[in-house]
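*Asks:* Before anything else, here's the structure in question.
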Amino acid sequence: MPKIEEIELEAHRAQLEADVVDLVDKYLAIAEWDVPGIDEPLANRLIVAAIRRALDGVEQALPQSPPA
């Protein structure tokens, strides 16, 4: 049986994914201002990689729950 936290997260999963897409679009727009004619597929991959690294740092900084 799923935990309440998993059920709640599932209810917001689509919005979370949309927010991440918006975040990639935001940084792509910034990059396009700085670098006209930018290689968008490459820029998107670099932005996603940077977001993954940022998420890793956020995850490590979160308080850990005790083992079940």
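Read the figures in this text as sums done on the coordinates, not as results from a lab. All of these numbers come straight from a predicted model, not from anything done at the bench. Note that each Cβ is placed from the backbone with ideal geometry, even for glycine, and that neighbours are counted across all protein chains shown.
*Asks:* Which net charge results for the neighbourhood of Val21, defined as the other residues with beta-carbon distances under 15 angstrom from its beta-carbon, given Lys and Arg at +1 and Asp and Glu at -1? Each step should come with its number before you reach the end.
*Replies:* Values: positive: Arg13, Lys26, Arg45, Arg52; negative: Glu17, Asp19, Asp22, Asp25, Glu40.
Neighbour charge sum, excluding Val21 itself: -1.
*Asks:* By its C-alpha gyration tensor, with a ≥ b ≥ c as the square roots of the eigenvalues, how is the chain shaped: rounded for a/c under 1.5, else prolate for a/b larger than b/c, else oblate?
*Replies:* Taking the square roots of the gyration eigenvalues as a ≥ b ≥ c, the chain is prolate.
*Asks:* Counting each DSSP H run of 4 or more residues in the chain as -39500 (n - 2.57), what helix-only mean residue ellipticity at 222 nm follows after dividing by all residues, to the nearest 500 deg cm²/dmol?
*Replies:* On the way: 2 runs with 53 residues, N = 68.
The helix contribution divided over the chain gives -28000 deg cm²/dmol.
*Asks:* So, in nm, how far is label Val48 from label Ala61 when the simple model puts each one 7 Å beyond its Cα toward the Cβ?
*Replies:* Rounded to a tenth, the inter-label distance reads 2.4 nm.
*Asks:* Ok, one more. Considering only the other residues whose Cβ falls under 14 Å of the Cβ of Ile51, what net charge follows from Lys and Arg at +1 and Asp and Glu at -1? If you can, show how the numbers build up before the last one.
*Replies:* Values: positive: Lys26, Arg45, Arg52, Arg53; negative: Glu17, Asp19, Asp22, Asp25, Asp56, Glu59.
Local charge sum for Ile51: -2.
*Asks:* Additional query: For the charge dipole of the chain, defined by +1 on Lys and Arg C-beta atoms and -1 on Asp and Glu C-beta atoms about the Cα centroid, which residue among Ala61, Ile4, Gln15 has the Cα displaced farthest towards the positive pole?
*Replies:* Ala61
*Asks:* Quick one: net charge of Pro2's neighbours, Cβ under 14 Å, K/R +1, D/E -1?
*Replies:* Details: positive: Lys3, Arg13; negative: Glu5, Glu6, Glu8, Glu10.
That sum, taken over residues with Cβ under 14 Å, equals -2.
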